[in-house]
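Structure record follows, encoded as structure tokens.
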Amino acid sequence: MFPLVIDLVLPGKKGVCGVSEQIFCLGHRQRLRERFLKGGEDALAAYEIIEMFLFSVNPRKDMKPLAKRLLAKFGSVTNVLNADEAELLSVEGMGRTALATLKLIQVTGQRQHREIAMNQRVTEISTWRHVLNYCEVSMAHLKREQLRLFFLDKQYKLIEEEIQMLGTVDHAPVYVREIVNKAVNVGATGLVLVHNHPSGDPTPSGSDIEATRQIKDTAERMGITLYDHIIIGKGKHTSLKHQGLI
């Protein structure tokens, strides 16, 4: 005899999962987890990665429709994680719990890159890559300019990072004396500047170049070396040092 499965739908509650639907959801989730564990990221479609992120939001609800709506609106997994809170909440089915879940994943990735970067001696291109990865993850999606300072000791080890300021949509004011004083206060002998261009184009502006030269000159008078100023765009970056601009 086949087992009898009875759907239970509460009166007046439309869209509540019945028992059979819940069993299907649980089986689907288990199959998705196993596929991921066996094949890794490549075994899943983009919406399935987002779907797995959302499993904890509602243990019994099918999260695939919400995952597909998020992907359709933002275009990629990365864009979903980097989207503004208001933009995410505008998607049908999104709530505060789902928002917190996605933002937790975002900041976890940023922290991972930061911890790797801050434990490197920045002497080679390979170690610069860790810093760049961290900056790209943290800054490339921002809609306003942000300036970050990385302070180095005599062994070229990153000893501290500071977000100096948040700018307007296309400009972050630079306070030369404040930046150099901070380097002196933390005992740094080296300094790296990083800021983003919300337009996505990392080409340095005239003001970028002028401000960098002012910081370089002031820092050198205090025995501090400005190693580079990196501008982060979308999927690319520009080093003023490599461009011969400092």
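Details
- Conditions (1) within 25 Å of the chain's Cα centre (by Cα); (2) assigned to a helix (DSSP H, G or I); (3) more than 28 Å from Asp84 (Cα to Cα); (4) not small (Gly, Ala, Ser); number of the one not met by Thr218: (1)
- Whether a residue is among the hydroxyl-bearing types (Ser, Thr, Tyr) and either assigned to a helix (DSSP H, G or I) or not assigned by TED's automatic domain parsing to the domain that holds Asn181 (or both) was assessed, and Thr203 does not pass this test.
- The residues listed here are Leu158, Leu193, Leu166; of these, the one that is of a type in the set (A, V, I, L, M, F, W, C) and more than 21 Å from Ile224 (Cβ to Cβ) is Leu166.
- Number of the condition not met by Thr78 [criteria: (1) buried (at least 16 other Cβ atoms within 10 Å of the Cβ); (2) under 17 Å from the mean Cα position of the chain (by Cα)]: (1)
- Qualifying residues in segment 166-191 (those that are outside any loop (DSSP other than H, G, I, E, B) and either acidic (Asp, Glu) or under 20 Å from the mean Cα position of the chain (by Cα) (or both)) - the one modelled with the highest pLDDT: Glu178
- Residue count for segment 133-165, restricted to those that are under 20 Å from the mean Cα position of the chain (by Cα) and either of a type in the set (Lys, Arg) or outside any strand (DSSP E or B) (or both): 14
- Residue in segment 87-108 that is over 19 Å from the mean Cα position of the chain (by Cα), part of a helix (DSSP H, G or I) and modelled with pLDDT under 90 present: no
The values are calculated or read from the model by the stated rules, or taken from the named source; none is laboratory data. Note that this is a predicted model, so its numbers are computed, not measured. All Cβ positions, glycine included, derive from the backbone under ideal geometry; neighbour counts span all protein chains shown.
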